[in-house]
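Written below as structure tokens is the structure these notes are about.
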Amino acid sequence: MAFDSAEQQLTVGELLTRVDLSRPTLYRLAQTLEQKGFIVSSGKPQRFGLGPAAARLAHLWSSRTSITTVAEPVMRKLWEQTSETVALLVHQGQYRVCMAELPSPQPLSFRRGVGYSEHVFRGASGRAIVAFLPDPGPYLDPALPALARDAVLAELARIRRAGYATSKDELIRGAVALAAPFFGANGQVQGSLAVFGPSVRLNRERMDSMANLLLQESMHLSRALGGSGAIPERD
């Protein structure tokens, strides 16, 4: 757990600052882990990194655990606290696809259904993804005039600062949506968590409250998928 994507090799001294172990205990455990292939060492001074056995465990975990399975408790918590429709959307090429949905129990509600797809730039659930892609350019309409393109890029920058996107009356008249991105173990955006509801229920105060819940649960989902839980800075 001491390793991360920025520091994939650590000296004994660096490890000691990150684990609550004495130096003799650290050396003893490191020797055992290296014998089993979970870490490897090299160089002078000696530096440690993750070994192939760690990769095997990661593969076993990821092959048996789908995003929808991991996201279910996060979505359930959002659904219970908001009573609005909650959806999990995954980025696939030029589209974002609904992989799971918990419809609102209220008579007036909005839902799209599992399997529904839309261009990744449309709606809050799409822009929450595009805003955190390394290069959003390929997902913008090439026919956009320069001024409109600048406005779009400014909106994406605002989403990155806030950590979530919103939309109103964009894809469904009378509907409000909030969406926050989630990230995989590689730190790349994988999709978004979204909450949908009618504008008559989602005033500014309620949207602010839901945004805080959404940010919290999207970070929990990123951690559950092996990420840090922190929203990467793009600006």
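Every read-out reported here was derived from the displayed coordinates using simple, explicitly stated rules and does not represent laboratory data. All values reported here derive from a predicted model rather than from experimental measurement. Positions of Cβ are generated from backbone atoms using ideal geometry, with glycine treated the same way; all protein chains shown enter the neighbour counts.
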Exactly one of these conditions fails for THR166: (1) closer than 21 Å to THR82 by Cα; (2) over 21 Å from the mean Cα position of the chain (by Cα). Give me its number. (2)
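Find the helices (runs of 4 or more DSSP H) located wholly in segment 11-109 whose residues include 1 or more that are surrounded by 15 or more Cβ atoms within 10 Å (Cβ to Cβ) and out of contact with any Gly (no Cβ under 9 Å at 6 or more places or on another chain), and list them.
Numbers: elements: 12-16, 23-35, 52-64, 67-82.
Output list reads 12-16, 23-35, 67-82.
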So, GLY123, is that one surrounded by fewer than 16 Cβ atoms within 10 Å (Cβ to Cβ) and on the phi > 0 side of the Ramachandran plot or not? no
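Return the residues of segment 132-164 that are of a type in the set (Lys, Arg) and under 28 Å from ASN186 (Cβ atoms); say none if nothing qualifies. Can you show your working first?
Just the residues of segment 132-164 that are of a type in the set (Lys, Arg), to begin with: 149, 158, 160-161.
Result: ARG158, ARG160, ARG161.
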Scan of segment 175-212 for residues that are surrounded by fewer than 19 Cβ atoms within 10 Å (Cβ to Cβ) and touching a residue at least 60 places away in the same chain (Cβ under 8 Å), ordered by number: ALA185, ASN186, GLY187, PRO198, VAL200, ARG201
